[in-house]
Structures are given as structure tokens and as C-alpha cells.
Amino acid sequence: MRRITYLIPIAVLAVVLISSSIFVVDERQRALVLQFGQIRQVIDEPGLNFKIPFIQNVIYYEDRILSLDTAATEVTPSDDRRLVVDAFARYRIVDTEQFNRAVGAGGIRRADDLIEDILNDRIRAVLGADGVTSNTILSEERAALMVQITNQARARAASLGVTILDVRLKQTNLPAQNLDATFARMRAEREREAADEIARGEEAAQRIRATADRTVVELVSDAAREAEITRGEADAERTRIFAEAFGQDAEFYDFTRSLAAYERALQQNSTFVISPDSEFFEYFDGSALGGGNSLSQPSE
């Protein structure tokens, strides 16, 4: 009984010592074993590992790709047109021991601050270099500028034990105090362009309208001329036909003309005072006036 009483504390102590000496590093991590603040072991591979209990402690770092959104920073390209740039970076810890010395107890948060300072410095340097204008930053040459920023930032960040994998410019905007003036200038330019387009359109419309009016007058004039020519030719042809037809018998022609005159005259509800031997009645056989002022029918 007395032996069991001694074995139980020993077993508990052994379990505590064993559990304190074993630690696991998974595939997403790197680890450092420290003893009194000094690095005793660097573990870059996943697996089961051991340390001295209560004397040594373990610090874990990410072995995955980390991301960093930088705060907006103001840059001044060579054309002195200030821009506010917002960047995004991806990096990875490649030297755990050097990383620990660089960031100390601050860990990843301290590393983000240091990397952000490097990125902001390189962004200002690259985008503010000679020959780099705001139009260059906003054009397709933007990709080449991002490559330059990435390469320079990678060289600077190597002392932190990390490698910069990529840097991207997410947004490139004008400073807030310049936006209103810029928008007003853009609006004025668009209004001027619109006024020019309207003026050119009205000029073209007037030119087309004048051409159309002239064409209408010419077409109407040509049509009227053609109509008069056709009408004259038709009248001439009609006269020729009549002359040809009636010229074969002059007496018959006179007779038909007199009948046409009788028809037109007698259609009118009028009173005629005329001599009975007038040529008007020459084709009436035994014609005479009958009473009053009225024109009577001729008697046989």
C-alpha cells in the first residue's frame, strides 16, 4: 500500500514530463525551440519532436503563403499629378531563424509592419521615378511597374527571412481634395466636346436640308418642264389628227364645228337676240325666230 502511494505521484510526474517534452509540428507550420531565449533547434519539417521540459519552449510560425494589404499611400509621378495607391502583397517565411531575430516577440504582426514599410518605400521610389507619369501608371505598363516593385521589395525583405512573392496595385485614385476639381474639369471637357458635336451635327443637318430643298426644286422644275413638253407634243398631235381627219371634208368639218357651237350655246339658260339670217343658223333648214326675245326651235 505504501509503495502504491509513492508510485502514483511518480507516474503523474512522468506523464507531465513526457507530455511537456513532446510537441507536433504540422505541415502548415515551422517551429523554433528556444532555451532561455536562445535558439536551440530549427524545425522546418512536419512531425513529432522533443524538447527539454520547463527549460525549452517552442515558437510556431506559418509555413503558408501570407497576404498583406497595405494602407493607402500617396505618390507623386514625374508629371506632378499626385495619386493615392493601395497595394496588396503576398509573402512567405523562408528562414525561420532569421525571421525570429528580425521580428522578435512581435511575430507576424511585426513582420507585416516591416514589410509594409518596405513596400511603401519601393512604391514611392518606382512610381516616382523619372519618366513614370500618372498615365503610365494607369496604362498597360502598370504590370511592368508592379514587377519592379516586387523585385526591389524582395531584395529589401530578404533580411527579414521572408521572400516577397508578388505585389499588386489594387487601386490608383486621385487624392480626395483633387477629385472635385478633376471631375469639374472632366465635365467641362465633355460638355465642350458635346457642344462641338452638336454644332457639327446642326451644320451637317443644314447642309443636307439645303441640298434636299435644292433637289426638290430641281426635280419639280424638271418634272414641270417635261410635263409641258409632253402636253405640247400631245396638243400638237391632237391638232394634227383633227386637221388630218377634218381636212378630208371641209364642209363636214364646218358642220361639226357648228353643231359643237350649238351645243355649248344652247346649254346656257340665256336669251339670244340675233338675226334669223345669221350665219349661226346657216345649217338650220328654214330656221326662224318665234315670238318675244326667246330663241325658238326652227321649223321645217
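What the table shows:
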quantity	calculated
Cα long-axis angle, helix 107-127 against the chain (0 to 90 degrees, to the nearest 10)	50
C-alpha long axis of helix 176-246 to longest principal axis of the chain, angle in °	20
Solvent-accessible area per residue for the chain (1.4 angstrom probe, square angstrom)	68
Relative contact order for the stretch 91-204, counting Cα pairs under 8 Å that sit 6 or more residues apart, in percent	35
Reported label for calculated log10 I(q)/I(0) by the Debye sum over Cα atoms at q = 0.07, 0.13 Å⁻¹ given [x] -0.38, -0.98; [y] -0.43, -0.90; [z] -0.64, -1.05	[z]
Carbon plus sulfur fraction of accessible area for the stretch 1-89, probe 1.4 Å, in percent	59
Alpha carbon centroid spacing (whole Å) that separates the stretch 218-252 from the stretch 43-78	111
Unit charges on C-beta of K, R, D, E only; dipole of the chain, Debye	4780
Summed side-chain charge close to ASN151 - residues other than ASN151 whose Cβ falls under 13 Å, Lys, Arg +1, Asp, Glu -1	+2
Between 0 and 90°, nearest 10: helix 2-21 axis offset from the chain longest Cα axis	40
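The values are calculated or read from the model by the stated rules, or taken from the named source; none is laboratory data. None of the values given here were measured: they were computed from a predicted structure. Positions of Cβ are backbone-derived with ideal geometry, glycine not excepted, and every protein chain shown enters the neighbour counts. When the accessible area is computed, the model is the full protein with side chains, heavy atoms only, and any ligands, DNA or RNA have been set aside. Shrake-Rupley method; radii C 1.70, N 1.55, O 1.52, S 1.80 Å.
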